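Colleague: Following this message is one structure expressed as structure tokens.
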Amino acid sequence: MKRSLTLYTTLILGGIFVFLPFGSAAEFSFRDGGANKHSLKAYRWILEQPDFVHYLLVTLKLTVIAVVITILLMVPTVVWLHLRAQSLRPLMEFLTILPLVIPVVALAIGAQSAFPTWLQSTEYELSLMFAVLAMPYTYRTLDTGIAAIPLATLTEAARSLGANWFNTIIRVILPVIRSAVIGAVFIATALSLGEFTLTVLLHWDTFPTWVTSISQQNIVGAIALSIFSLAAAFLILIILNFTIFGARTKKVEE
Amino acid sequence: MPETVEVEIKGATSRGTLNRRNLLVLLPLIPIFVYLGAFFLFPMSRVLFDSFKSNKGEFTLENFQIVLHNPYRLAFLTSIKLGLVSALTAALPGALFAYLIEIKGSERIKKLVSSLSGVLSSTGGVPLAFMFIAAIGAQGSATTLLKNLGIDLYSGKFTLFSFTGLVIVYLYFQIPIMVVVFTPAVKALRNEWHEAATNLGATRFNYWRNIGIPILFPSFAASFLLLFANGFSAYATARAMTVGNVALVPLQIGSLVDGNIQVGGANIGKALAMGMVLISAVAMIPYLVIQRRTRRWQS
Amino acid sequence: MRKHLIVGVAVALSAAVLPSVTASSANAASAICTAPNLQAAGGMDALVKAAKAEKQLNIITVPRDWANYGEAIDAFQKAFGIKINDDNPDGSSAYELQTIKTAPASKQPDVVDIGITHTGAEAQDSLGRSLFTPYKVANWKDISTDWKDANGLWYGDYSGSISIAYDSTVSPAPTKIADLTNPAYKGMVALGGDPTAATEAFTSVFAAALANGGSLTNVQPGIDFFAALKKSGNFVSVPATGANYASGAYKIALSWSYNGPGAIASAAKIGKTLKYVTPSDAALIAPPYVQAINAKAPHCAAARLWEEFLYSQNKGLTSKTITTADTKLSGSALFAKLQGGQNIWALGAAHPIMEAAMKTKGTLVTPPAGFEIPKGQKTYSPSFDQVVAARDVVNKNWATATA
């Protein structure tokens, strides 16, 4: 593998752009009563909060459900659109970009006026809405990923070689759309972990809203919590990437 | 006697007819339509409905007339400008970066970049604003560092809390979104094609002109549209970084529908939301034209 | 046969008695929910007893460091053992009303604290009925008629003035709004938020108008003032939050006086010294916020007890000095010993609505130093209509002026 100067320069420049803001805020979160003293005081304060674990689990639970809904709903849809219903793709693209364009404030008002009471009384309402909010990104990721693959050709080839539908899906389609699915999962996860505005407007309490309310009088604590949230989300995605999604990459590359 | 020959007209389809084949095609799409219908279109229909209502509940077009004038007109123009500039500044760097990582990066770098992009794509609002203030605000760490090196960021008119500042801060999530959405397309550009093209005598330029770019272009256009819509409708970050000095439609909707000063303007806010939908529909037109052209090429 | 007869009679008797038993407790419950004053609610002892039985109180958009509300919440919870749930502390008045209109029963607030401009058509449901239920607190007559609904649907609670908040390192120290044009303040002056969305920022623009040749009917000079400040580079268009202050994004801000004590304490925690001063060229006292009880309040007794508490003019025990022995006292005895909401707000540098009456009676505590309006300084208080007119001007012109 040729050592690429371009790659490493780009990575360094990119790294600076990413970590300068993050690092500056992180330095802040380690402050202890002024700019000259640093400690883990704010982070210890976080862990001492009685509801910390509770709200973390609430958000994790809602995120997992939202991501599962996304996969079950979006992957078959986009695959089918590319295989058999190409003409409907423009309509789907327009429909799926709408949740992005409509401000969350307006969507929340619509939801409050329209949804039946039983739906508004369960926090799983949020998972359903997270999947909607993630749809512009998840649809795009799956769509652009699958569009660049000759999926129809591959599928027909597999079928004409004698594979039944089940084998075609498992051995041909799924491996080939893998990276698109992973991208969609990541975006849906990150979005659900951090979703704030809709949660507040629908009167629910998740980790992000708890962070805001608990840090009303603790400026450094508030910053520490947002740094923590970002770092935790990153950790979750890294773990996913190196375990569940990591295993069989080599094989697919062949 | 001349024989009548049955000629099958190439390309003739039975599109649009309600036959069994077309219905079977639609069947697997029922879940997504039902889901979107119930959890998105249904709530939004209330918003659409209310945008035509006056405060007394009567049908009126007045809300739409109001949003055609300032300060709403200014906000539409600024929001569209912000969406375009943000998409332009993020799409190409994002695409190039995604390509570079895919082609030259090791497995570990690829995984690191994809995880990082996933996380950064959802940053925004108060935390993001604070990160940039802490870095390049008036007393930011980078500002102080540059000052010690003799460069004063604030000697001129630069301020982070302006249109320009928003474009800079938006890059923090727009570029990662580009990377996440565009990488799968790059991954599909097989190395074999490049080798085959080279073996057939194509130069690098030829490869890109005839194979690389045409294949990637539809995906690039789709990603660009997403970035535009994202920049156009971003709310939390703009709210955390300005005090009404940059007129943006999402902020105005927030003030009308969820503020402390405007009273009785909720339906105007809903008309503004419908305006945003209309603009996105119009933005899709050039995109659909591009898609049509490339689809012809692809099939 | 006999056994059946006995069972039959027992069933018949219970069928006759039970409805009236449940009806009387239901009557008791609904009686409290429509009680328009303390007397109708059965007196303080009965009210406290009923409130304690409800165990909870739902409030909405109440920041703890706003006018010392945190102390009110803590004292109430500790004294009566009633848990207070605060929905979205940073929310808006529109959010409060929207919640009443659309939230499911479990999420309904018991009481609201909204801007007075939101008491019109906004505070009615689709059939034109008020969202609130009338209730006149024991001290009702001490609230000025300008700031309360004649039928008791809503009533002013506290108001504030606009102060200049500044970091102690700023030199020279500003004393009036006109000072803010000093070139020494380049890149330092900020507003609490967007004047078209946030009351604090809007009132600041109003104060700037008064300081620059405007009046209660002419707010344009305030907008022009900030436009000029932006051009000269003094005005930095960042929201003046605590975190932004901590990171040095701004050093001077126009702010509610009653955010002062909380902000100063917060700043001290991170090693900074924040100071507040009433501008000598514009002492603007804004119209008060108003309290109201939700017609759909899930905890009717707790809601009324909270209102009586907020409008109590007593001096007494704070959250730090209430003992367990105190909590065992009878309802009215305990209530009489507690520091009332009016004084709690006064200690938060707000102007409680009953300030004038309390000054006469000598029951007002000494407000924190540095927030009083200097003796002899003329104060301005816009009327409801003047606020509405000014709001329309700001909405139209702010964005273009400060672009």
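Colleague: List the longest stretch of chain B that has no exposed loop site; here a site is one of the GluC sites (Glu not before Pro) assigned by DSSP to anything other than H, G, I, E or B, with at most 12 other Cβ within 10 Å.
Modeller: For GluC sites (Glu not before Pro) (loop position, at most 12 other Cβ atoms within 10 Å), the longest site-free span of chain B is B:59-299.
Colleague: Given labels modelled 7 Å from the Cα in the Cβ direction, how far is it in nm from B:Glu107 to C:Ala336?
Modeller: Roughly 8.0 nm, to one decimal.
Colleague: Same structure again: Where does each of A:158-171, A:27-40 land if you order them by average Cβ count within 10 Å, highest first?
Modeller: A:27-40, A:158-171
Colleague: Which cross-chain or sequence-distant (5 or more) residues have an amide H under 5 Å from the amide H of C:Leu284, H modelled 1.01 Å from N in plane?
Modeller: C:Ile162, C:Tyr380
Colleague: Given a Förster distance of 41 angstrom, what is the FRET efficiency for B:Leu88 paired with C:Ser280, based on the Cβ-Cβ distance and rounded to 0.05?
Modeller: Rounded to the nearest 0.05, the efficiency is 0.25.
Colleague: So, one more: Do you know the relative contact order of chain C, to the nearest whole percent, from alpha carbon pairs under 8 angstrom that are 6+ apart?
Modeller: Once normalised by length, the contact order is 24 percent.
Colleague: Which of the aspartates and glutamates could a cross-linker bridge to C:Lys396, judged by Cα under 12 Å and excluding same-chain residues fewer than eight apart?
Modeller: none
Colleague: Hey, another quick one. What is the packing order of peptides B:47-57, B:131-141, taking the mean over residues of other C-beta atoms within 10 Å and listing the highest first?
Modeller: My ranking of the peptides, most packed first, is B:131-141, B:47-57.
Colleague: Other chains' Cβ within 10 Å of B:138-145 residues: what's the mean?
Modeller: The per-residue average across the peptide is 5.
Colleague: Principal axis lengths of chain B from Cα atoms, whole Å, largest first?
Modeller: 88, 62, 30
Colleague: Quick check on the exposure proxy: order C:Thr366, C:Thr34 from fewest to most C-beta atoms within 10 angstrom.
Modeller: The order, fewest Cβ neighbours first, is C:Thr366, C:Thr34.
Colleague: A follow-up question, please. Would you tell me the mean number of C-beta atoms belonging to other protein chains that fall within 10 Å of each C-beta in B:93-103, as a whole number?
Modeller: Neighbouring Cβ atoms belonging to other protein chains average 2 per residue here.
Colleague: What order do you get for A:74-84, B:267-277, B:249-259 when each peptide is scored by the mean count of other beta carbon atoms within 10 Å, highest first?
Modeller: Taking the mean over residues of other Cβ atoms within 10 Å, the ranking is B:249-259, B:267-277, A:74-84.
Colleague: Something else about it: Quick one: C:Val170, B:Val67, fewest Cβ neighbours within 10 Å first, how do they rank?
Modeller: Listed from fewest to most nearby Cβ atoms, that is C:Val170, B:Val67.
Colleague: Also, quick follow-up: At q = 0.17, 0.18, 0.21 Å⁻¹, work out log10 I(q)/I(0) for the stretch B:10-130 with the Debye formula, treating every Cα as an identical point scatterer and leaving solvent out; two decimals please.
Modeller: At q = 0.17, 0.18, 0.21 Å⁻¹ the computed log10 ratios are -1.06, -1.06, -1.13.
Colleague: List the trypsin sites (Lys or Arg not before Pro) within the stretch C:271-331 that fall in a DSSP loop (any state other than H, G, I, E or B) and whose Cβ has at most 10 other Cβ atoms within 10 Å.
Modeller: For trypsin sites (Lys or Arg not before Pro) across the stretch C:271-331 that sit outside H, G, I, E and B with at most 10 neighbouring Cβ atoms in 10 Å, the list reads C:Lys320, C:Lys328.
Colleague: Would you mind checking the tilt of helix C:199-211 against the longest principal axis of the Cα atoms of chain C, expressed as 0 to 90 degrees and rounded to 10?
Modeller: So the inclination is approximately 40 degrees.
Colleague: Where does the stretch A:49-253 land on Rg/Rh, using Cα atoms and the Kirkwood Rh?
Modeller: Ratio value, two decimals: 1.03.
Colleague: Let me ask something else about it. For chain C, what is the convex hull volume of the alpha-carbon atoms per residue, in Å³?
Modeller: Spelled out: Cα convex hull of chain C, divided by residues, is 168 Å³.
Colleague: What is the spin-label model distance, in nm, from C:Asp90 to C:Val170 if the labels are put 7 Å beyond Cα along the C-beta direction?
Modeller: The two pseudo-label positions are separated by 2.2 nm.
Colleague: Just tell me how shielded B:44-50 is by partners: mean number of partner chain Cβ atoms within 10 Å of each residue's Cβ, no decimals.
Modeller: Mean number of neighbouring Cβ atoms from other chains: 5.
Colleague: Rounded to the nearest 0.05, what FRET efficiency do C:Asn218 and B:Arg209 give with R0 = 60 Å and r taken as the Cβ-Cβ distance? Could you check?
Modeller: That pair, C:Asn218 with B:Arg209, gives E of 0.40.
Colleague: Here is a follow-up. Once the Cβ-Cβ distance between C:Leu127 and C:Ser106 is put in as r, and R0 is 30 Å, what FRET efficiency do you end up with, to the nearest 0.05?
Modeller: My answer for the efficiency is 0.80.
Colleague: While we're looking at this one, here's another question. Need one number: nm distance between label points at A:Glu123 and B:Val289, each 7 Å from Cα along Cα→Cβ, rounded to one decimal.
Modeller: So the label points at A:Glu123 and B:Val289 sit 5.0 nm apart.
Colleague: Next up: Mind checking the log10 I(q)/I(0) for the stretch C:353-403 at q = 0.13, 0.17, 0.21, 0.28 Å⁻¹? Debye, one equal scatterer per Cα, no solvent, two decimals.
Modeller: -0.61, -0.79, -0.89, -1.08
Colleague: Would you pull out the residues with amide H under 5 Å of A:His38's amide H, same chain only if 5 or more places away, H placed 1.01 Å from N?
Modeller: Long-range HN contacts for A:His38: A:Asp32.
Colleague: Based on the Kirkwood radius over alpha-carbon pairs, what value in µm²/s does the Stokes-Einstein equation return for the translational diffusion coefficient of the stretch C:281-377 at 20 °C and 1.002 mPa s?
Modeller: 140
Colleague: May I pose another question? Using the 2.2 N^0.38 Å rule of thumb for compact globular proteins, work out how the protein assembly as shown stacks up: its C-alpha Rg over that value, please.
Modeller: Output field value: 1.04.
Values in this text are rule-based calculations from the coordinates and carry no lab data. These numbers come from a predicted model, not from an experiment. Glycine gets a Cβ as well: all are built from the backbone with ideal geometry, and neighbour counts include every protein chain shown.
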